[in-house]
Amino acid sequence: MIVLDSIGWVNTGLPLLVLTTLAVVLPRYLVDRHTRSHAKVARGMLAVLVLLLLAGFVLSMVVTGARGFDAEAHLLANPGEGFGMHARLSLLSGIVWAPILALVWFGQAQAVEDRRGRDMVLADREGK
């Protein structure tokens with residue numbers, strides 16, 4: 001039998017590990033690797049942010065359900081309170097994954113500048 005303490009591997013560590021892994025992996029699929037546009041990178045990162053918040057919401061429902069709280073019934077019986085509770089918990093999980101997502105975004109922005117710089121060098125070489 002798994003005992004779920006207030007802070008433990010199953011109800012805290014594992015969900016945060018999943019969200020952090022998603023913060024690193026999702027941009028590889030949602031941001032164009034060959035773009036020279038920071039706007040495209042920002043749109044891709046915004047999509048990642050929305051997906052991470054949704055994943056945090058779902059994981060919050062799963063974890064509270066595993067602790068014996070009927071999260072789905074609560075959400076259906078009182079949608080405002082249920083949504084607010086799980087949205088708050090999803091946002092709080094951002095304390096862990098948001099800095100990592102920011103570093104991934106920074107890496108994506110550096111890659112854009114690298115591609116732009118290489119394009120400028122190639123254009124300069126062709127112009128001579």
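Starting from region 62-77, take each residue that is touching a residue at least 60 places away in the same chain (Cβ under 8 Å) and within 17 Å of residue 18 (Cβ to Cβ) and list its partners that are small (Gly, Ala, Ser) and assigned to a helix (DSSP H, G or I), counting only C-beta distances under 6 angstrom and pairs at least six apart or across chains.
none
Only residues that are loosely packed, with under 11 Cβ neighbours inside 10 Å and among the hydroxyl-bearing types (Ser, Thr, Tyr): list them for region 61-84, please.
None - no residue of region 61-84 is loosely packed, with under 11 Cβ neighbours inside 10 Å and among the hydroxyl-bearing types (Ser, Thr, Tyr), so the list stays empty.
For the list (1) surrounded by 13 or more Cβ atoms within 10 Å (Cβ to Cβ); (2) modelled with pLDDT of 95 or more, I need the number of the one condition that residue 14 fails.
Result: residue 14 passes all but (2).
Report, by residue number, each residue of region 17-42 that is more than 16 Å from residue 98 (Cβ to Cβ) and either open to solvent by less than 40 Å² (accessible area, probe 1.4 Å) or in contact with a Ser or Thr (Cβ under 9 Å, 6 or more places away or on another chain) (or both). Walk me through how you get there before you give the answer.
Residues of region 17-42 that are more than 16 Å from residue 98 (Cβ to Cβ), as a first pass: 28-41.
Selection gives 31, 35, 37, 41.
Please work out if residue 56 is free of Cβ contacts under 8 Å to residues at least 24 places away in the same chain and either out of contact with any strand residue (DSSP E or B) (no Cβ under 9 Å at 6 or more places or on another chain) or surrounded by 13 or more Cβ atoms within 10 Å (Cβ to Cβ) (or both). Lay out the reasoning, then the answer.
Working: free of Cβ contacts under 8 Å to residues at least 24 places away in the same chain: no; either out of contact with any strand residue (DSSP E or B) (no Cβ under 9 Å at 6 or more places or on another chain) or surrounded by 13 or more Cβ atoms within 10 Å (Cβ to Cβ) (or both): yes.
Considered against the rule, which asks whether it is free of Cβ contacts under 8 Å to residues at least 24 places away in the same chain and either out of contact with any strand residue (DSSP E or B) (no Cβ under 9 Å at 6 or more places or on another chain) or surrounded by 13 or more Cβ atoms within 10 Å (Cβ to Cβ) (or both), residue 56 comes out as no.
Does residue 107 count as open to solvent by less than 70 Å² (accessible area, probe 1.4 Å), in a helix (DSSP H, G or I), more than 23 Å from residue 14 (Cβ to Cβ) and modelled with pLDDT under 95?
Values: open to solvent by less than 70 Å² (accessible area, probe 1.4 Å): yes; in a helix (DSSP H, G or I): yes; more than 23 Å from residue 14 (Cβ to Cβ): yes; modelled with pLDDT under 95: no.
Spelling it out, it is not the case that residue 107 is open to solvent by less than 70 Å² (accessible area, probe 1.4 Å), in a helix (DSSP H, G or I), more than 23 Å from residue 14 (Cβ to Cβ) and modelled with pLDDT under 95.
Let me confirm something: among 118, 43, which residue is in a helix (DSSP H, G or I), more than 15 Å from the chain's Cα centre (by Cα) and of a type in the set (D, E, K, R)? Walk me through it before giving the result.
On the way: 43 fails: more than 15 Å from the chain's Cα centre (by Cα).
Only one candidate qualifies: 118.
The values are calculated or read from the model by the stated rules, or taken from the named source; none is laboratory data. Computed from a predicted structure; not experimentally measured. Because the Cβ atoms are built from the backbone with ideal geometry, glycine has one as well, and the counts that use them run over all protein chains shown. Each accessible area value is taken on the protein alone, full model and side chains, heavy atoms only, with ligands, DNA and RNA left out. Shrake-Rupley method; radii C 1.70, N 1.55, O 1.52, S 1.80 Å.
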